[in-house]
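The values are calculated or read from the model by the stated rules, or taken from the named source; none is laboratory data. What you are looking at is a predicted structure, and each value in this text was computed from that prediction instead of being measured. Every residue, glycine as well, gets a Cβ built from its backbone with ideal geometry; the counts of neighbours run over all protein chains shown. Note: accessible area is taken over every heavy atom of the protein model, side chains too, but ligands, DNA and RNA are not part of it. Shrake-Rupley method; radii C 1.70, N 1.55, O 1.52, S 1.80 Å.
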Amino acid sequence: THQWRGIIEEYRDRLPVTDTTPVVTLREGGTPLVPAQVLSERTGCEVHLKVEGANPTGSFKDRGMTMAITRAKEEGAQAVICASTGNTSASAAAYAVRAGMVCAVLVPQGKIALGKMGQALVYGSKILQVDGNFDDCLNLARSLSENYPVALVNSVNPYRIEGQKTASFEIVDALDDAPDIHVLPVGNAGNITAYWKGYKEYAADGMSSRTPRMWGFQASGSAPIVRGEVVKDPSTIATAIRIGNPASWTQALAARDESGGFIDEVTDREILRAYRLLASQEGVFVEPASAASVAGLLKAAEQGKVDPGQKIVCTVTGNGLKDPDWAVAGAPQPVTVPVDAAAAAERLGLA
Ligand code: F0G
């Protein structure tokens, strides 16, 4: 008779809410931590996948959005706005519906996955395609929120980070301690910031005996943190992390350095290889950006940076159904058969 109540109710004492806060939730969080058998064999470690595609709108953004929209509602906002490569907008749009608010969305024209566009539309947000990239969209959203009555719900909103830090709590609760290493894709760098905050808070309160090393991976064509400079025209097939000037850049460097971790890059080819491995070997279908964490782990293992026997968690951030083009592209077309068991059996190699 009990179901998961959403991250605010489950972690109420660790989040900025009071008894009178009007909680806006779709019962996000409580996502599966799945043992990854093939990745464990390949690395000689105990690897787990934190499957954030299992959230209500199919990505980790819901953890941050329940918190950001809840606080916007409490403060009397009637409209919210975000810039997005697709997942933030899908999440903001859904939680705005729950809150009875208007949601405005700015996305880079032609550069978001179809499933995410469909979500923003069906949830009824006001969507503008901007003739620019994500970084342009974020600048525009910031300026609109400063000059018009609309609350910004990108991860520069501190409540987003508060909500997203709960993923670390769930991992420690499930493993009975923090892992040795935590691996994440990095785009605007809000999530690595949030996880690090969550791990630090839990350790400080004695809920874990340690904090993990934080390993972040950007796509090679969109790797400003790795390069140490803004990327003017970012590119990658992983459109979710096609970002040239991350808003939480400084915080990502702090997470890296305080934890003794690193931030590196993976190529689109490495991302797609990990994307296919996750689906075909682990049974976990993620969107391309999410596979950057696993691609990074495999790269690090090949470079001899992964000592055997460690506990490793890779966050896979978004559901594969968001961007199915990459599942279909390059795969053989299914054969058509008549309604005939013998013919079907033959094509299936059963006969
Ligand atoms: N993975 C997915 C699926 C994402 O959608 C994002 C970010 C990231 C990873 C990177 O997380 O930005 O916190 O470093 N998506 C944002 C959006 C930018 O608009 O949906 P980050």
Identify all residues within the range 258-271 that are over 12 Å from residue 220 (Cα atoms) and either more than 16 Å from the ligand (Cβ to nearest atom) or assigned to a strand (DSSP E or B) (or both); write none if there are none.
258, 260, 262
Considering (1) at pLDDT 95 or above; (2) surrounded by fewer than 24 Cβ atoms within 10 Å (Cβ to Cβ); (3) within 20 Å of residue 87 (Cβ to Cβ), say which one residue 253 fails and leave the rest.
(3)
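Starting from residues that are within 16 Å of the ligand (Cβ to nearest atom) and open to solvent by 40 Å² or more (accessible area, probe 1.4 Å), keep the ones in the range 277-288 and report whichever is farthest from residue 115 (Cα to Cα). If you could, list the steps in order and put the result at the bottom.
So the first thing to find is which residues in the range 277-288 are within 16 Å of the ligand (Cβ to nearest atom), and the list is 278-279, 284-288.
After this cut, where a residue has to be open to solvent by 40 Å² or more (accessible area, probe 1.4 Å) as well, the list is 279, 285.
Details: 279: 18, 285: 14 Å.
Applying the filter and picking the extreme gives 279.
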Of these, 57, 66, 31, which one is within 16 Å of the ligand (Cβ to nearest atom), β-branched (Val, Ile, Thr), in contact (Cβ under 8 Å) with a residue 60 or more places away in the chain and touching a strand residue (DSSP E or B) at 6+ places or on another chain (Cβ under 6 Å)?
31
Candidate set: the range 299-331, residues that are open to solvent by 20 Å² or more (accessible area, probe 1.4 Å) and within 21 Å of the chain's Cα centre (by Cα); chosen: the one nearest to residue 191 (Cα to Cα):
319
For the range 66-81, the count of residues that are part of a helix (DSSP H, G or I) and surrounded by fewer than 24 Cβ atoms within 10 Å (Cβ to Cβ) equals 2
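Yes/no matrix, rows are residues, columns are (1) of a type in the set (Asp, Glu); (2) touching a Ser or Thr at 6+ places or on another chain (Cβ under 6 Å); (3) modelled with pLDDT under 95; (4) not in a helix (DSSP H, G or I):
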position: 103; (1), (2), (3), (4): no, yes, no, yes
position: 117; (1), (2), (3), (4): no, no, no, no
position: 120; (1), (2), (3), (4): no, yes, no, no
position: 136; (1), (2), (3), (4): yes, no, no, no
position: 140; (1), (2), (3), (4): no, no, no, no
position: 170; (1), (2), (3), (4): yes, no, no, no
position: 174; (1), (2), (3), (4): no, no, no, no
Between 178, 120, 167, which is of a type outside the set (Asp, Glu), open to solvent by less than 20 Å² (accessible area, probe 1.4 Å) and away from the ligand (no atom under 16 Å from the Cβ)?
178
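Going by the conditions given, is residue 130 open to solvent by 10 Å² or more (accessible area, probe 1.4 Å), more than 24 Å from residue 8 (Cβ to Cβ) and touching an Asp or Glu at 6+ places or on another chain (Cβ under 7 Å)? Break it down into steps so the answer makes sense when it comes.
Details: open to solvent by 10 Å² or more (accessible area, probe 1.4 Å): yes; more than 24 Å from residue 8 (Cβ to Cβ): yes; touching an Asp or Glu at 6+ places or on another chain (Cβ under 7 Å): yes.
Yes: the conditions hold for residue 130.
Against the condition modelled with pLDDT of 95 or more and more than 14 Å from the ligand (Cβ to nearest atom), how does residue 94 come out, does it pass?
No: the conditions fail for residue 94.
May I ask you to verify whether residue 242 is touching a residue at least 24 places away in the same chain (Cβ under 8 Å), under 25 Å from residue 117 (Cβ atoms) and of a type in the set (Lys, Arg)? Don't jump to the end; show me each part of the working.
Details: touching a residue at least 24 places away in the same chain (Cβ under 8 Å): yes; under 25 Å from residue 117 (Cβ atoms): yes; of a type in the set (Lys, Arg): yes.
For residue 242, the condition - touching a residue at least 24 places away in the same chain (Cβ under 8 Å), under 25 Å from residue 117 (Cβ atoms) and of a type in the set (Lys, Arg) - is met.
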With the requirement that a residue be buried (at least 24 other Cβ atoms within 10 Å of the Cβ), of a type in the set (A, V, I, L, M) and outside any helix (DSSP H, G or I), what does the range 182-222 give you?
183, 184, 186, 189, 214, 219
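Can you name the residue in the range 82-94 that is assigned to a helix (DSSP H, G or I) and in contact with a strand residue (DSSP E or B) (Cβ under 8 Å, 6 or more places away or on another chain) and, of all such residues, is farthest from residue 188 (Cα to Cα)?
Residues of the range 82-94 that are assigned to a helix (DSSP H, G or I), as a first pass: 87-94.
Checking the rest, the ones that are also in contact with a strand residue (DSSP E or B) (Cβ under 8 Å, 6 or more places away or on another chain) come to 87-93.
Values: 87: 12, 88: 11, 89: 14, 90: 16, 91: 16, 92: 16, 93: 19 Å.
Among residues in the range 82-94 that are assigned to a helix (DSSP H, G or I) and in contact with a strand residue (DSSP E or B) (Cβ under 8 Å, 6 or more places away or on another chain), the one farthest from residue 188 (Cα to Cα) is 93.
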If the Cβ limit is 7 Å and pairs must be 6+ apart or interchain, which residue in the range 78-95 that is on the phi > 0 side of the Ramachandran plot pairs with which residue that is open to solvent by 10 Å² or more (accessible area, probe 1.4 Å) and within 6 Å of the ligand (Cβ to nearest atom)?
86/240
Tell me whether the range 253-274 contains one or more residues that are polar (S, T, N, Q) and more than 23 Å from residue 303 (Cα to Cα).
no
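With near the ligand (Cβ under 10 Å from one of its atoms) and in contact with a helix residue (DSSP H, G or I) (Cβ under 7 Å, 6 or more places away or on another chain) as the only criterion, which of 291, 255, 295, 274 stands out? It would help to see each step written out before you state the result.
Working: 255 fails: near the ligand (Cβ under 10 Å from one of its atoms); 295 fails: near the ligand (Cβ under 10 Å from one of its atoms); 274 fails: near the ligand (Cβ under 10 Å from one of its atoms).
None of the others qualify; the one that does is 291.
Restricting attention to the range 34-48, does a residue exist that is outside any loop (DSSP other than H, G, I, E, B), more than 30 Å from residue 305 (Cα to Cα) and within 22 Å of the chain's Cα centre (by Cα)? Talk me through it step by step, then tell me what you get.
Here is the first cut: in the range 34-48, the ones outside any loop (DSSP other than H, G, I, E, B) are 34-35, 37-43, 46-48.
Still in the running and more than 30 Å from residue 305 (Cα to Cα): none.
Taking every residue of the range 34-48 in turn, none turns out to be outside any loop (DSSP other than H, G, I, E, B), more than 30 Å from residue 305 (Cα to Cα) and within 22 Å of the chain's Cα centre (by Cα).
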Which members of the range 181-237 meet the condition of being within 13 Å of the ligand (Cβ to nearest atom), of a type in the set (Gly, Ala, Ser) and either within 15 Å of residue 267 (Cα to Cα) or at pLDDT below 95 (or both)?
187, 216, 219, 222, 223
